[in-house]
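Trainee: The structure is given below, and queries will be raised subsequently.
FYI, it's all coordinate maths here, none of it is from the lab. Worth saying up front: this structure is predicted, and the values here are computed from it rather than measured. All Cβ positions, glycine included, derive from the backbone under ideal geometry; neighbour counts span all protein chains shown.
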Ligand code: URP
Ligand code: ZN
Ligand code: ZN
């Protein structure tokens with residue numbers, strides 16, 4: 001099977017040139033001007049941007065959480081991701097406290113294997129670090145190709161670990177060559193503020209936001225960074241939202257330690273005014289909450305300064321009916337919002353089109369850095385000879401709008417209903433196969449492969 005993409009404008013994190021790309025089987029085998037090789041299929045990409053498939057390293061598919069399950073399965077979520085130009089996602093396996101990592105992995109494998117449409121990997125969320133768990137870290141890294149370990153400094157009682165466990169986990173992960181990622185907010189403070197607001201009868205979604213002030217994130221981000229520095233373990237802060245938290249990391253850069261920062265598309269584009277809509281605000285109840293305009297400025301600047309390395313989604317969708325579980329109590333609204341399908345187009349439209357970031361930066365933060373940090377580069381995240389042919393053909397001139405009535409995510413509202421977008425994903429290739437073409441998915445359930453990842457220490 002061979003395919004030739006002709007005359008596209010090829011964009012990587014560092015390059016920008018017009019060329020043809022030859023794909024044989026699942027990989028790119030030649031790149032050049034006016035390639036003369038014959039191919040079974042030819043795509044004319046004149047006038048189009050040809051970029052690596054997006055990598056979203058923060059999604060929650062079919063995840064048990066807050067008394068329900070996120071509403072996209074591995075099938076519907078990865079299919080929606082492909083429609084939006086994201087060819088690989090990293091989902092979270094959650095260890096149940098009192099149980100092993102392996103048990104949790106078996107459960108997630110049962111849901112994802114044979115159902116995912118797009119490629120995927122797993123982070124392992126460690127919620128109970130003990131002597132047994134410690135012994136499993138090596139197994140995850142060496143045998144399963146799971147090299148990143150997620151921790152929660154919040155969600156007290158369910159997912160949160162304390163600093164003692166964090167320190168011990170980091171020591172072990174460092175030993176095994178992996179990376180520790182973190183939901184960095186101060187769980188004790190948040191727990192207290194939630195209880196205080198509820199005791200005062202403050203029960204609307206607005207109080208979700210008011211229970212997680214900036215300081216809760218700034219403090220935890222600084223604490224995590226310090227523990228990472230002490231243990232020498234590479235760290236990655238997920239869904240960083242605000243100036244205070246980014247400043248805590250900025251201080252650490254003086255120590256030349258490896259702490260990577262992810263923000264998510266919603267924190268760049270939406271602000272806390274979305275909590276002034278009565279119960280409709282539940283659509284944007286997520287943790288951490290949306291912040292202020294000044295924080296959006298800080299995040300865009302952080303991207304351009306190289307301090308914010310990745311833009312993900314934290315895709316964690318719930319149907320409106322599920323959100324209504326918290327109609328009378330904001331603390332029962334399942335946290336999360338849908339964006340897996342929208343990230344690449346929103347970031348292009350609001351970032352590149354509006355000249356906040358360059359095209360190369362776009363590819364860097366949406367494709368290349370996630371591949372590098374999480375041990376998939378250069379197989380994924382770039383356009384190069386030998387890399388998987390995960391490619392998007394993108395029309396920068398096409399305008400369209402986002403809506404729940406046209407999206408492919410399994411959720412009955414859009415957090416971006418009616419948003420006007422400049423630029424559209426036209427064709428998506430996944431490992432050499434046309435996976436999406438003009439809005440139609442061309443690959444079946446089960447086409448998605450689990451991607452075993454290399455050690456962080458082997459790449460960065
Ligand atoms: O609100 C969120 N972020 N939901 C998903 C779980 C998490 O904290 O990432
Ligand atoms: Zn989180
Ligand atoms: Zn998350």
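Trainee: Could you let me know the centre-to-centre spacing of region 203-264 and region 149-183, using Cα atoms, in angstrom?
Mentor: 14
Trainee: On to the next question. Counting pairs of alpha carbon atoms under 8 Å apart in space and at least six apart in sequence, what relative contact order in percent does region 53-373 give?
Mentor: Relative contact order here is 19 percent.
Trainee: Shape of region 53-373 from its Cα gyration tensor (a ≥ b ≥ c, root eigenvalues): rounded if a/c is under 1.5, otherwise prolate when a/b > b/c, or oblate?
Mentor: Values: a/c = 1.16, a/b = 1.10, b/c = 1.06.
The shape class here is rounded.
Trainee: Here's a follow-up. Measuring from centroid to centroid over Cα atoms, what is the spacing of region 404-457 and region 361-382 in Å?
Mentor: 17
Trainee: Which length gain, in nm to one decimal place, applies between residue 215 and residue 134 when the Cα-Cα distance is subtracted from 0.36 nm times their residue separation?
Mentor: Taking 0.36 nm per residue and subtracting the Cα distance, the gain is 26.0 nm.
Trainee: In degrees, nearest 10, range 0 to 90: what is the angle between the Cα axis of helix 243-253 and the longest Cα principal axis of the chain?
Mentor: 70
Trainee: Please work out the Cα center distance from region 14-30 to region 76-102, rounded to the nearest Å.
Mentor: 28
Trainee: Can you give me the relative contact order of region 81-196 as a percent, contacts being Cα pairs under 8 Å and 6 or more apart? It would help to have the intermediate numbers written out before the result.
Mentor: Numbers: 159 pairs, mean separation 27.5, N = 116.
RCO, region 81-196: 24 percent.
Trainee: Would you mind telling me the antiparallel percentage of the DSSP bridges in region 53-373, rounded to 5? Working shown, then result.
Mentor: Values: 2 of 32 bridges.
Bridges in region 53-373 are about 5 percent antiparallel.
Trainee: Something else now. Compute the length gained on full extension between residue 320 and residue 280: take 0.36 nm times their separation in residues and subtract their Cα-Cα distance, giving the result in nm to one decimal.
Mentor: Extending this stretch completely gives an extra 13.5 nm.
Trainee: Further question: Between residue 253 and residue 294, what is the FRET efficiency for a Förster distance of 25 Å, r being their Cβ-Cβ separation, to the nearest 0.05?
Mentor: Rounded to the nearest 0.05, the efficiency is 0.75.
Trainee: Got a sec? Which residues in region 1-30 would a label at residue 42 touch, if it sits 7 Å along Cα→Cβ and we count backbone N under 20 Å?
Mentor: Zone members listed by number: 1-10, 18-25, 28-30.
Trainee: How far, in degrees from 0 to 90, does helix 74-83 lean away from the longest principal axis of the Cα atoms of the chain, to the nearest 10?
Mentor: Tilt relative to the chain: about 50 degrees.
Trainee: Among 216, 406, what is the fewest-to-most ranking by other Cβ atoms within 10 Å?
Mentor: If I rank by nearby Cβ atoms, fewest first, I get 406, 216.
Trainee: Now for a different question. Please arrange 400, 132, 315, 60 by counting, for each residue, the other beta carbons lying within 10 Å of its beta carbon, fewest first.
Mentor: Values: 400 15, 132 12, 315 30, 60 23.
With the sparsest Cβ surroundings first, the list reads 132, 400, 60, 315.
Trainee: Neighbouring Cβ atoms within 10 Å as the yardstick, rank 331, 401 fewest first.
Mentor: By the 10 Å Cβ count, ascending: 401, 331.
Trainee: Counting each DSSP H run of 4 or more residues in the chain as -39500 (n - 2.57), what helix-only mean residue ellipticity at 222 nm follows after dividing by all residues, to the nearest 500 deg cm²/dmol?
Mentor: -8000 deg cm²/dmol
Trainee: Right, another one. Report, in degrees rounded to the nearest 10, the 0 to 90 angle that the Cα long axis of helix 163-176 makes with the longest principal axis of the chain.
Mentor: 30
Trainee: Compute the distance in nm between two label points, each set 7 Å from the Cα along the Cα-to-Cβ direction, one at residue 399 and one at residue 7.
Mentor: Reported label-point gap for residue 399 and residue 7 is 2.6 nm.
Trainee: I want to make sure I understand the PRE zone here: with the label point 7 angstrom from the Cα of residue 273 toward its beta carbon, which residues in region 393-410 have backbone N atoms less than 20 Å away?
Mentor: Flagged as within label range: 402.
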